[in-house]
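Here's the structure, in C-alpha cells; my notes come after.
The values are calculated or read from the model by the stated rules, or taken from the named source; none is laboratory data. None of the values given here were measured: they were computed from a predicted structure. A quick note on method: Cβ atoms are made from the backbone with ideal geometry, for glycine too, and the neighbour counts reach across all protein chains shown.
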C-alpha cells in the first residue's frame, strides 16, 4: 500500500509556489498579499493562523493578520473587509472560522470580494465551480484532489464515492471529481447502505466527522482512500477511516494527521497566487 505523505506533497507544492512568486515579483514588481482576520482567542484557530502566516512568508507572499477580540462588532469586521476589498496590495482575504455567535457567518463570507475569496466560500465562487468556470476552490478539497492526482493522473471513468455533503468539503470535492470525468456518488448520514456504496468506489473521500466510520470491509481492493476527518478520541487524533483495517486493502491511503491537513494550507497559498494572477489580467 502507498502511504500518501501529505507533508511531503505540501512541501513540494510550496517549493513550486515559491518559484512562481519569485517569477511574479520579477514580472509585476510586487508580490501577492494574503490578509487573515482572526477574531477571538480560540486556540485551534490561533495555531492554524500562525501556520498560515509562517507558510505564506516561506513562499514569499506578503502576509498580514488582523486580530480582533471576540467582542468586536460585526459592523467593524464588515468595514475592515470593505477596506481590504479596495486595497490593491491585498490579493486574498480570509476570515478564520468559527466566528463568535453575534457575527453572521454568511454575511461576512458574502462581503468578501469574490476575486479575493481565497477560501472559495463566496456563493459566486461556489456557483462558478459547479458551472465549470474559473473560481477559487475551497482549500481542503483542492488538497485532496491534488493528492488523488499524484496517485492516479487519469481519473476518467473512475467511480468516486464522497462520504459527507458539507459545503466545505463534500460538495466542492464532488465538483472537482466530476470535472475529471469521474462518476460520483455523494453519500451522507441518511444514506441507506453506506457500506454498499463505499464498496463500489475506486476512490473514496471520507469527510463526515465520524471517527473510524469507514472500515476495512467497506473498501474494495486497490481503492484510493482520502481521509479528511480529524476526530479527538481516547486513543488520540483519528480520521474518518479505520486506518489499520483499510491499509490492508487500499492501494493508497492518507494518514491522520499528516495527510490532507498540510495540503490545506499549501492550497490556500496557491489560491492567493491565483487570485493575484487573475487580478493582474483584469
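When residue 48 is tested against the conditions (1) within 23 Å of the chain's Cα centre (by Cα); (2) part of a helix (DSSP H, G or I); (3) closer than 29 Å to residue 282 by Cβ, the lone failure is (3).
The rows are residues; the columns are (1) crowded, with 22+ Cβ neighbours inside 10 Å; (2) at pLDDT 95 or above; (3) not assigned by TED's automatic domain parsing to the domain that holds residue 78.
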site: 100; (1), (2), (3): no, yes, no
site: 108; (1), (2), (3): no, yes, no
site: 122; (1), (2), (3): no, yes, yes
site: 127; (1), (2), (3): no, yes, yes
site: 132; (1), (2), (3): no, no, yes
site: 146; (1), (2), (3): no, yes, yes
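The sole residue among 183, 233 that is at negative phi and touching a residue at least 24 places away in the same chain (Cβ under 8 Å) is 183. Annotation note: of 198, 144, the sole residue that is in contact with a strand residue (DSSP E or B) (Cβ under 6 Å, 6 or more places away or on another chain), touching a residue at least 60 places away in the same chain (Cβ under 8 Å) and in a helix (DSSP H, G or I) is 144. Name the single residue, out of those in the range 1-37 being within 18 Å of the chain's Cα centre (by Cα) and within 30 Å of residue 77 (Cβ to Cβ), that is surrounded by the fewest Cβ atoms within 10 Å (Cβ to Cβ). Here the residue is 14. Put simply, of 93, 81 the only residue that is assigned to a helix (DSSP H, G or I) and surrounded by 16 or more Cβ atoms within 10 Å (Cβ to Cβ) is 81. Whether a residue is loosely packed, with under 15 Cβ neighbours inside 10 Å, modelled with pLDDT of 95 or more and not assigned by TED's automatic domain parsing to the domain that holds residue 33 was assessed, and residue 154 passes this test.
Within the range 208-228, residues that are part of a helix (DSSP H, G or I) reach partners that are surrounded by 24 or more Cβ atoms within 10 Å (Cβ to Cβ) with beta carbons closer than 6 Å, at six or more positions or on different chains, in the pairs 216/246; 218/198. Figure legend. Inter-residue proximity from the range 55-77: first residues on the phi > 0 side of the Ramachandran plot, second residues surrounded by fewer than 17 Cβ atoms within 10 Å (Cβ to Cβ), beta-carbon distance below 8 Å, spacing 6+ or different chains. Indicated pairs: 60/18; 60/22; 60/25. The residues of the range 252-278 that are in contact (Cβ under 8 Å) with a residue 60 or more places away in the chain and either out of contact with any helix residue (DSSP H, G or I) (no Cβ under 8 Å at 6 or more places or on another chain) or surrounded by fewer than 17 Cβ atoms within 10 Å (Cβ to Cβ) (or both), listed by number, are 258, 274, 277, 278.
For the range 167-207, a residue qualifies if it is under 15 Å from the mean Cα position of the chain (by Cα), surrounded by fewer than 23 Cβ atoms within 10 Å (Cβ to Cβ) and closer than 22 Å to residue 243 by Cβ, and exactly one does: 170. Taking the range 151-195 as the range and being farther than 24 Å from residue 255 by Cβ and assigned to a helix (DSSP H, G or I) as the test, the residues that pass are 171, 175, 178, 179. Of all the residues in the range 231-251, those that are at pLDDT 95 or above and not in a strand (DSSP E or B) number 12.
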